[in-house]
1. At most 15 other Cβ atoms within 10 Å and a DSSP loop assignment: could you name the trypsin sites (Lys or Arg not before Pro) in the range 50-129 that fit?
2. Just grab the label-to-label distance for residue 482 and residue 188, each label 7 Å out from Cα along the Cβ direction, in nm (one decimal).
3. Relative contact order for the chain using alpha-carbon pairs under 8 Å, separation at least 6, rounded to a whole percent?
4. Counting only DSSP beta bridges with both residues in the chain, what percent are antiparallel, rounded to the nearest 5?
5. Would you kindly derive the ³J(HN,Hα) couplings of the range 395-411 from the backbone phi angles with the Karplus curve 6.51 cos²θ - 1.76 cosθ + 1.60 (θ = phi - 60°), listing them in order in whole Hz, with x for Gly and Pro?
6. If the label point is 7 Å along Cα→Cβ of residue 453, which residues in the range 268-308 have backbone nitrogen under 18 Å from it?
7. Of 165/400; 259/391; 64/149; 193/231; 180/259; 165/391, which ones are farther than 18 Å apart at the Cα?
8. Counting other beta carbons within 10 Å of each residue's own, what order do 539, 269, 442 fall into, fewest first?
Amino acid sequence: MNGAAKGAIIGGVFLAMLGGAGYGAYTLVADAGSGSGGDAKGATTQSAKGSGPVTDQEAARTAKAFLDAWAAGDGAAAARLTNDPQAARAAVADYRAKASVSKAVITPGASTGATVPFTVAAEITYGGASKPLAYDSKLTVVRGATSGKPLVDWQPSVVHPQLGKGETLRAGAPATPPVKAVDRNGVELTAEKYPSLRPVLDQLRQTYGAKAGGRAGAELWIEPAAQDAPKRTLLTLAEGEPGLLKTTLDAEVQAAAEKAVARFPEASVAAVRPSSGDILAIANHRKDGFNAAMEGARAPGSTMKIVTAAMLIDRGKAGVDQPAECTKEASWGGRSFHNLNNFDLPAGATFATGFARSCNTSFIKRIDDVRDDAALSKEAREVFGIGLDWKTGVRSADGKVPAATGAAAAAAYIGQGQITMNPLNVASLTATARTGRFHQPVIIAPDLDGRPIARAERSMKPAVAQQVVRMMKQTASSGTAAEVMGTVRGSDKGAKTGSAEVDGAGSPDSWFTGFNGDMAAAAMVEGGGHGGDAAGPIVAAVLNS
């Protein structure tokens, strides 16, 4: 990189490693900060005021000056070479004082346009313990809008590529001891073996570390911006003594879930035990690392028909063997609703067949019979436990089924409109239908911390539960889920498919839920299309585990 290929080393002294981890070239930006901003005096290596995109030469010179200044221990000079000197200066100081970086080697690479990659080989020293920390990063040079000078675009990820907005590096003895999380059979659960569990394990440590009997060691971690967010350990400097924490998870089911979601982008799955509510697996395959399986909130599509069917049967407005007209279209509240590909069913088709074929119109045509705008919301809360503030042991989002009128009520009957769910919520719907009784999902037994567990107001009437299960079994044997569920071993199985239209999306979200014996699972693939196309194979793989 134009003579900047040598690493800068200062043994035992703070070394400049302020490389920006801005990913990709940036367009013109205004200088941030107050006072001198990125135009501060002393930036003698900067070029005169320019215009247009930053050139390769300007990017190389600015990056070299920046890394040299940091390598020389001149944090002020390094900060002046960025477009946010105030934030940069604080981060440089914290890197030494609070992250305990005792020395570092920074080796720039060849620039690609305005982006300059570099490698960092640092040493973290705290409490008499030292360990190396190595990683790759990159910085991007942009032109200051007011000065025209090339400046390093400052981002939190400049300090470390995993840092987000408001996050910092910290070294020391963490407030919570490490935990050794194990599954229901005593098998250890680690983020290395089960990557989807990383955010869950971090939360378990934060919540239960002090209760599990461990002893803290020394670590380097990422301090989150939000107070209730868990710390993320980057490096263990001195081993603590982990406390033992038993979860409800099942390592074999978790392994199958991890493998299944890896087949599809933006995929999530959850599995629970209907007889107890124990969460058996949580897995996600997403670019953003978000635990959508437990915290997501998306329209669940026709998987919601499990609740709608139970409500209609409960109120005597439908029955498995009763006729249920399934036309190509139906209107309600000034809006027209149609079935997938505008299909219809022959005259005399039963409600069970409409459920198994996922006929929207056979459900919407019954709204007028119910005459209660809050009927679906009541059924969801009173029987299925939706919206009762689940305390699973880690962060989770409750499903929402608000009362609605007009077209919104019709949309709610088929899992659209204002209804939101995540795979854990939908897996619980299936579990409740399977047993006729709601068991709030948990990942940690409530007797560990005495937290309250949500309890539904009433159980499902036996006759209602029998009919809903019968319809789910028909869906699995001869309905929209037949192809997928044909791959699931066993005979005690049922399912429901779903696809949910999302505004602005080119393809609907794919939803699928099913049970097999004493296991219920649900999956969602954003933009995955029909329920059986993407979410279905994920659920089948989990149920077969």
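1. 98
2. Spacing of the two 7 Å Cα→Cβ label points: 4.9 nm.
3. 12
4. 90
5. 3J(HN,Hα) across the range 395-411, in whole Hz: 5, 8, 9, 6, x, 10, 10, x, 5, 9, 10, x, 4, 5, 5, 5, 4.
6. Under 18 Å, as judged by backbone N against the label point of residue 453, lie 271-281 of the range 268-308.
7. 165/400; 259/391; 193/231; 180/259; 165/391
8. Fewest to most other Cβ atoms nearby, the residues stand as 442, 269, 539.
Every read-out reported here was derived from the displayed coordinates using simple, explicitly stated rules and does not represent laboratory data. Only a predicted model underlies this, so the values are computations on that prediction, with no experimental measurement involved. Don't worry about glycine lacking a Cβ; one is built from the backbone with ideal geometry, like all the others, and counts go over all protein chains shown.
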